[in-house]
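Note sheet for the following structure.
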Amino acid sequence: MSTGQKLLSPYDKIIHAQNLISEISKLNTLYTEEKATKKDLKKIKKVLLNKHDTGFTSILDKYGIKEIEILKGVKCGICAGKMERFFGCWHCTKCKFTSKTAHVRAIEDYFLLFKPFITNRELRTFLDINFLKRQTNY
């Protein structure tokens, strides 16, 4: 290390998500001259995208659990009974508790169990939302 350089802690090198835009703005004002060509940037982009790893490991695979063994639907936060969706709210069939946000916990569970993204169809299946069943109840 040359004289005059300060030793940075690893935490000083980390840019947290909430500070990313301001840090990019600082870098843009600090470095105004372009050093890389568009071709170089395309190569860098390709390498970054190819080497990107989400770091996601399926808990189901890790412990040998089959997807079919996971209970579908939204559980009541009070009694752990099954909730059903009616008129924009979740209603517990056991204790009659209602909630507008009961599905949030189930979605978080999905992300932890399966993958960090979900399609509309997968969401409806996992939350056990059956639109045909709902239409017959009105």
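The values are calculated or read from the model by the stated rules, or taken from the named source; none is laboratory data. Small disclaimer: the values here were computed from a predicted structure and weren't measured. Positions of Cβ are backbone-derived with ideal geometry, glycine not excepted, and every protein chain shown enters the neighbour counts.
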Could you list, ordered by first residue, the pairs with Cβ atoms under 8 Å in which the first is in the range 30-56 and without any contact (Cβ under 8 Å) to a residue 12 or more places away in the chain and the second is surrounded by 10 or more Cβ atoms within 10 Å (Cβ to Cβ) and in a loop (DSSP other than H, G, I, E, B), at least 6 apart or interchain?
I44/A36
Could you look through the range 40-97, keep only residues that are within 26 Å of R121 (Cβ to Cβ) and of a type in the set (S, T, N, Q), and pick out the one that is modelled with the highest pLDDT?
T93
Starting from residues that are of a type in the set (F, W, Y) and surrounded by 13 or more Cβ atoms within 10 Å (Cβ to Cβ), keep the ones in the range 112-133 and report whichever is modelled with the highest pLDDT.
F126
Those residues of the range 67-86 which are touching a strand residue (DSSP E or B) at 6+ places or on another chain (Cβ under 9 Å), β-branched (V, I, T) and surrounded by fewer than 15 Cβ atoms within 10 Å (Cβ to Cβ), in sequence order
I78
Being free of Cβ contacts under 8 Å to residues at least 12 places away in the same chain and β-branched (V, I, T) is the filter here, so list the residues in the range 63-82 that pass it.
I65, I68
Within the range 31-60, how many residues are closer than 15 Å to F114 by Cβ and surrounded by 10 or more Cβ atoms within 10 Å (Cβ to Cβ)?
4
